[in-house]
1. Using 0.36 nm times the number of residues separating K388 and Q473, minus their current alpha carbon distance, what extension gain do you get?
2. Cα gyration tensor of the stretch 70-502, axes a ≥ b ≥ c as square roots of the eigenvalues: rounded (a/c below 1.5), prolate (a/b > b/c) or oblate?
3. What spacing in nm lies between the two simple spin-label points modelled at T421 and L315, each 7 Å away from Cα in the Cβ direction?
4. How much accessible area per residue does the stretch 70-502 have, counting only protein heavy atoms and a probe of 1.4 Å, in square angstrom?
5. Summarise the accessible area of the stretch 70-502 (1.4 Å probe, protein heavy atoms) by the percent that is carbon and sulfur.
6. I'd like the FRET efficiency for K465 and V94, computed as 1/(1 + (r/R0)^6) with the beta carbon distance as r and R0 of 30 Å, rounded to 0.05.
7. Please tell me which of these pairs span more than 26 angstrom C-alpha to C-alpha: K311/K384; K146/K388; K311/K463; K307/K466?
Amino acid sequence: MLPRSRTLPARIYHGEVEERHDVRHYFQVDVQPKHQKETEAIINLQTNYSKCFDDDGHLRRTGTFWTTTSHIITAVIGSGVLSLAWAIGQLGWVAGPTVMILFAFVVLYTSNLLSQCYRTGDPVNGPRNYTYMEAVKGILGGKKVKVCGLIQYLNLFGVAIGYTIAASVSMLAIKRSNCFHRNHRRDPCHMSSNGYMIAFGVTEILFSQIPGFDQVWWLSIVAAIMSFTYSTVGLVLGIAKVAGNKSFKGSLTGISIGTVTHIGTVTSTQKIWRSLQALGAIAFAYSFSIILIEIQDTIKSPPAEHKTMKKASMLSIGVTTIFYLLCGCIGYAAFGNDAPGNLLTGFGFFDPYWLLDIANAAIVIHLVGAYQVYCQPLFAFVEKWSAKKWSKSNFVTAEHDIPIPFVGVYQLNFFRVIWRTIFVILTTIIAMLLPFFNDVVGLLGALGFWPLTVYFPIEMYIKQKKIGRWTNQWIGLEMLSAACLFVSIAAAVGSIAGVVLDLKTYKPFKTIY
C-alpha cells in the first residue's frame, strides 16, 4: 500500500501550486493495465483535491458562524467600551445613547453592504477578494485602491498603538491597586507605564509569529470571553455605585460649562471639542469594518459567505450595542460629570481591589488577542507584497518546518519573524511617546469611520449592484455617506484639539500615573 502522503493533492503557497512530484511519479511508474482503472485513479485524486481545497485553489476554509462572531466581538468590544461612559458624559442623556444607537445601525447596514463585496460580480460564485484593499481594487479600481490601502493600514497601525496604551494602563492599574491595598493608602503609588508597554510588546512579538488570520481563531474566542468579563465587571460596579448614590447622576445635555476637571475648568469652546471627541470615541468603539473582508475570508461555504457574515454581524453588533449602552449609561449614572476616560479607573484602587484586578487582567488578555486580529491583515499585506517584490529571495519566501512537541510543525519564515518584531517594537515606542488614551481612541475612530466603514462599502455596493445615479436608492446611500463624512470631520477636529491640549503638559517617556 502506498504511503498516504502520495495521495495528497498539491500544496499551494501564495496562490501558486507546488507540484507534487511523488504523485506524478506514482502515476507514471505504477501504470494500471486498464484504462478504466486509470480514470478511476484520476477521479479519486480530483475528489481528494476538492475536499482539501476551495474553488480558488486555497486550502478549504473552516470558519463558522460562531468563529466569525467571536472574531467580530473581539474586534468590536475593545478598549473603546471603557471610554463610553466618558463619551455619554460629554453628550448627555439624550444625545449620548441616541448617537450610540445610530452608529450601531449605520455600522450594521454598511457591514452588510460590504460583506456582499467579498466576491466581485456575484456574491455567491464570483471571484474572491481576500482583503479589503483587493475588494476596492476589484470593484472600484483606480486611485481609490491606494487611498483605501493607505487609510486602512495606517488605521490598523494606529489601533496597535492604542491597544498598547490601553493594555499598559490596565496592567498599571493592577499594580497600583495592590500597592494601595498593601500600604493601606499611605503610599500614592505613582508609577510609570513604560515598563508595562514593553511587557505587552514582548508578548505581542511572540503572538505575532502566528502565520495567518485563520490560525488565531482560538485567540479570538478567548479574547471575546475576556471582553464580556471586564464589561460585566464594569457594569456590576456601576450598578452598585448607582445604588449607593441612591440616584442617577448626569444631565440631559452632558458636562456643564464651568465644571472643574483634572485639566482645568470646562469652557464653552472645550465643551464643543469634548462633545466632538466623544463622537470619535463612539465611532472607534464600532470600528471593525476595516477587517471585515479578512474575517469573511475565513468562512467556509456553503452557505454563501455573505449570508454567514450577515448573521454573525447582526448578532455581534446587537450584543455589543446592548453592552455599550449598559456600560456607558450606568457609568455616566454612577459618576456624572466625573465620568473617567477609562471606566474601571473611576472605582478607585482599594475596594473591591480584587474584582478590579480581574477586570483589568481580562482587558489585558483581550487586547493581546485584539492586537492580533487587527494586525494580521497588515502583516499579510506586507508579506504578500514582499514575496512578489523579492520572489527569488529565500530569506523572504522560504519556509522551514520546525517541529514543536504537542503542537505540530511550525513553518518558520525569517522575514516574517524579523519584520513583525520590528513592527511591534515600533508601535510600542510610539505608544510610550504618545500615551493619550482618550485622544488617540477618538482620533483613530474619526479618521477610520467614514472612509472605511461608510464610503468604500457604499461605493462598492453601488458599483456591484449597478445602482443608477439619481435613483432613490442612490440618493439615500449618498446622503448617508455625506452625513457620516460630516461626523468624522467633526470628531477628528475635536480629537486633535484634545491632543494639542494634552501636549501642553506632556514630557516624552515620563508619563506617571
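1. 26.5 nm
2. On the way: a/c = 1.87, a/b = 1.24, b/c = 1.51.
Note, shape of the stretch 70-502 comes out oblate.
3. Each label point is offset 7 Å from its Cα along the Cβ direction, giving 4.0 nm.
4. On the way: 17730 Å² over 433 residues.
Result: 41 Å² per residue.
5. Details: 12480 of 17730 Å².
In the stretch 70-502, the share of accessible area belonging to carbon and sulfur is 70 percent.
6. Efficiency for this residue pair is about 0.25.
7. The pairs that break the limit, which is 26 Å between Cα atoms, are K311/K384.
The values are calculated or read from the model by the stated rules, or taken from the named source; none is laboratory data. All figures in this text were calculated on a predicted structure; none of them were measured in a lab. Cβ: placed from backbone, ideal geometry, glycine included. Neighbour counts: every protein chain shown. Calculation scope for accessible area: heavy atoms of the full protein, side chains included, ligands and nucleic acids excluded. Shrake-Rupley method; radii C 1.70, N 1.55, O 1.52, S 1.80 Å.
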